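Novice: First, the structure itself, so that you have it in front of you.
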Amino acid sequence: MHALLGATGLVMLILLVLEGSGDGRLTAALGLLVVAALGGFYLASIHVKGSIAPKNVVLIHAGVAVAGFLTLLSLFI
């Protein structure tokens with residue numbers, strides 16, 4: 001469910017950026033969230049192999065995702 005919701009949000013954000021809506025913060029948020037998604041794919045591949053993900057990778061993934069979300073949120077405050 002986590003990946004599905006994240007992917008849906010990314011597609012919607014990509015469409016907004018391609019439409020030309022918003023300012024540089026929208027593009028910055030997209031960039032951060034794409035990096036977080038790539039980290040998520042890496043973490044998922046580790047999980048599929050039955051291994052435990054390194055704690056630092058999990059924390060970086062979460063931190064980048066939160067930074068992207070807060071950047072996106074700043075457009076509405």
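The values are calculated or read from the model by the stated rules, or taken from the named source; none is laboratory data. These numbers come from a predicted model, not from an experiment. No Cβ is skipped: glycine too gets one built from the backbone with ideal geometry, and neighbour counts run over all protein chains shown. Accessible surface areas use protein heavy atoms only, side chains included; no ligands, DNA or RNA. Shrake-Rupley method; radii C 1.70, N 1.55, O 1.52, S 1.80 Å.
Novice: Which one is right for this structure if volume of the Cα convex hull per residue in Å³ is calculated from it: (1) 82; (2) 123; (3) 110?
Specialist: (1)
Novice: In the chain, carbon and sulfur make up what percent of the accessible area (probe 1.4 Å)?
Specialist: Numbers: 4240 of 5490 Å².
Looking at the chain in its full context, I get 77 percent from C and S.
Novice: Helix-only estimate, please: 222 nm mean residue ellipticity of the chain, summing -39500 (n - 2.57) across DSSP H runs of length 4 or more and dividing by its residues, to the nearest 500.
Specialist: That calculation yields -28000 deg cm²/dmol at 222 nm.
Novice: Compute the long axis of helix 24-48 from its Cα atoms, compare it with the longest principal axis of the Cα atoms of the chain, and write down the angle in degrees, 0 to 90, nearest 10.
Specialist: Value to nearest ten degrees: 20.
Novice: Something else: In whole Hz, with x marking every Gly and Pro, tabulate ³J(HN,Hα) for the stretch 14-21 from phi via Karplus 6.51 cos²θ - 1.76 cosθ + 1.60, θ = phi - 60°.
Specialist: My calculation for the stretch 14-21 gives 4, 4, 5, 5, 5, 6, x, 6 Hz in order.
Novice: Show me 37-47, 9-19 ranked by packing, highest mean number of other Cβ atoms within 10 Å first. Numbers along the way, then the final one.
Specialist: Working: 37-47: 14.5, 9-19: 12.5.
Highest-to-lowest ranking by the protection proxy: 37-47, 9-19.
Novice: Also, I was wondering about something else. Please list 3J(HN,Hα) in residue order for the stretch 60-77, calculated via the Karplus relation 6.51 cos²θ - 1.76 cosθ + 1.60 where θ = phi - 60°; whole Hz, with x for glycine and proline.
Specialist: Result, rounded to whole Hz: 5, 4, 5, x, 5, 5, 5, 4, x, 5, 5, 4, 5, 4, 5, 6, 10, 9.
Novice: Further question: If R₀ is 22 angstrom, what is the calculated FRET efficiency for the pair residue 48 and residue 5, using the beta carbon separation as r and rounding to 0.05?
Specialist: Efficiency, from the Cβ-Cβ distance: 0.70.
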